[in-house]
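Visitor: Next up is a structure, given as structure tokens.
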């Protein structure tokens, strides 16, 4: 799942890179089957924005969609979940990616923009890796409980040779090296998922509620996923959190689940998602999920993000409705999910067949007013 490829910068550079590179490429047709035979009659521009966690998958989805829809120019501006939600609500983009569900206030605004129902579709599932830069420590994965991770990020544990870390890693030798926690500087769904995990699984070691904005002032921070990864890569002793597909060559922690330590994997992420209930407020078009952060199920990895695709159920423009419907159908298809799951694309966890059926039932409702 690890990628050592240099990623494009977020924001305008990403928008330009994805649009210009893939506009001439050839995804599924209007039917959304994911087939690469034939072409559709769809055309025009389709703009999206949002979660940086989806950036790698989005590149693959756009390329796959354009295989059979070469006349639709799809762009995705990886500005972060908060920025994506803002652009979607303002009407600047037709769809958005978000690592967190819409808040009650955002939902009201989104319903106003859409003149009705909003679709929140869980189409990207990925573990969040606790990443670190710790040369010379000869273990496949540093083993950490949620309590220890919380103390490292809150400042209660300040050195890698702390007894609490040593106790969880018998036989390993840790250097006398300061722990440098690194967080996201932007409003991030990854941050919200990470702080949700710490709040629910750390036995009270984390004193803050889940939030897309980092709750502790000061410290090292990076803009977007790549900004955070760059800082961790540059500083020995640094520890951070990022979509696992972006961990690159950095070390990644195995997290304590029950009495075992589980490294991240697509399979472990999918296991906890399938075992988690629907979120409060979920309905027929908002398929939001409440991840069980305290699971003790064998092989499950609780630090996972479910990233949503946001769309209107009804669009004012018929071309927008057709393009959004076709694109999301491809993303949800077996072909689309398999493409994102490829290790050299995003290494995500494909949604289950049952979840795909629920998602497609919502996508089938997308139409023009």
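The values are calculated or read from the model by the stated rules, or taken from the named source; none is laboratory data. Computed from a predicted structure; not experimentally measured. Here the Cβ is made from the backbone with ideal geometry for all residues, glycine too, and neighbour counts use every protein chain on show.
Visitor: Can you tell me which of (1) more than 30 Å from residue 285 (Cβ to Cβ); (2) under 23 Å from the mean Cα position of the chain (by Cα) is the one residue 136 doesn't meet?
Guide: Of everything listed in (1) more than 30 Å from residue 285 (Cβ to Cβ); (2) under 23 Å from the mean Cα position of the chain (by Cα), residue 136 misses just condition (2).
Visitor: I want to confirm something. Restricting to the stretch 281-290 and keeping residues that are on the phi < 0 side of the Ramachandran plot and outside any strand (DSSP E or B), which single residue is surrounded by the fewest Cβ atoms within 10 Å (Cβ to Cβ)? If you could, list the steps in order and put the result at the bottom.
Guide: Residues of the stretch 281-290 that are on the phi < 0 side of the Ramachandran plot, as a first pass: 282-290.
Okay, now just the ones that are also outside any strand (DSSP E or B), so 282-285, 287-288, 290.
On the way: 282: 15, 283: 10, 284: 12, 285: 19, 287: 22, 288: 18, 290: 15.
Among those residues, the one meeting the criterion is 283.
Visitor: Answer yes or no: is there a residue in the stretch 291-298 that is more than 18 Å from the chain's Cα centre (by Cα), more than 28 Å from residue 342 (Cα to Cα) and not in a loop (DSSP other than H, G, I, E, B).
Guide: No, the stretch 291-298 has no match at all.
Visitor: Scan the stretch 186-227 for residues that are assigned to a helix (DSSP H, G or I) and closer than 15 Å to residue 150 by Cα and report the count.
Guide: As a first pass, look at the stretch 186-227 and keep what is assigned to a helix (DSSP H, G or I): 189-201, 224-227.
Next, only the ones that are closer than 15 Å to residue 150 by Cα stay: 191-201.
Residues flagged as assigned to a helix (DSSP H, G or I) and closer than 15 Å to residue 150 by Cα within the stretch 186-227 amount to 11.
Visitor: Can you find, within the stretch 20-53, the residue that is farthest from the chain's Cα centre (by Cα) among those that are modelled with pLDDT of 95 or more and crowded, with 22+ Cβ neighbours inside 10 Å? Spell out how you get there, then give the answer.
Guide: So the first thing to find is which residues in the stretch 20-53 are modelled with pLDDT of 95 or more, and the list is 42-50.
Filter once more, so that each one left must be crowded, with 22+ Cβ neighbours inside 10 Å: 46, 48-50.
Working: 46: 21, 48: 15, 49: 13, 50: 10 Å.
Of everything passing the filter in the stretch 20-53, 46 is farthest from the chain's Cα centre (by Cα).
Visitor: Determine the pairs where a residue that is farther than 11 Å from residue 146 by Cα, located within the stretch 253-271, has a partner that is assigned to a helix (DSSP H, G or I) with Cβ atoms under 6 Å apart, the partner being 6 or more residues away or on another chain.
Guide: 262/268; 264/244
Visitor: Taking the conditions exactly as written (outside any strand (DSSP E or B) and not assigned by TED's automatic domain parsing to the domain that holds residue 341), does residue 148 satisfy them or not? Spell out how you get there, then give the answer.
Guide: Working: outside any strand (DSSP E or B): yes; not assigned by TED's automatic domain parsing to the domain that holds residue 341: yes.
Yes.
Visitor: Now for a different question. Which of the residues belonging to the stretch 224-280 are at positive phi and touching a helix residue (DSSP H, G or I) at 6+ places or on another chain (Cβ under 7 Å)?
Guide: Initial filter on the stretch 224-280 (at positive phi): 224, 237, 248, 258.
If the condition is that a residue be at positive phi and touching a helix residue (DSSP H, G or I) at 6+ places or on another chain (Cβ under 7 Å), then 224, 248 are the ones that fit.
Visitor: Scan the stretch 93-139 for residues that are more than 20 Å from residue 291 (Cβ to Cβ) and assigned to a helix (DSSP H, G or I) and jot them down.
Guide: Answer for the stretch 93-139, where residues must be more than 20 Å from residue 291 (Cβ to Cβ) and assigned to a helix (DSSP H, G or I): 105, 108, 109, 110, 111, 112, 113, 114.
Visitor: Does the stretch 79-94 hold any residues that are over 16 Å from residue 52 (Cβ atoms) and either buried (at least 19 other Cβ atoms within 10 Å of the Cβ) or touching a helix residue (DSSP H, G or I) at 6+ places or on another chain (Cβ under 6 Å) (or both), and which are they?
Guide: Let us first name the residues in the stretch 79-94 that are over 16 Å from residue 52 (Cβ atoms), namely 89-92, 94.
Scanning the stretch 79-94 gives 89, 91, 94.
Visitor: Any chance you could count how many residues in the stretch 317-358 are loosely packed, with under 15 Cβ neighbours inside 10 Å and closer than 14 Å to residue 46 by Cα?
Guide: 2
Visitor: Let me ask you something else. What residue, of 281, 299, 347, is modelled with pLDDT under 95 and assigned by TED's automatic domain parsing to the domain that holds residue 114? Working first, answer last.
Guide: Working: 281 fails: assigned by TED's automatic domain parsing to the domain that holds residue 114; 299 fails: assigned by TED's automatic domain parsing to the domain that holds residue 114.
On inspection, the qualifying residue turns out to be 347.
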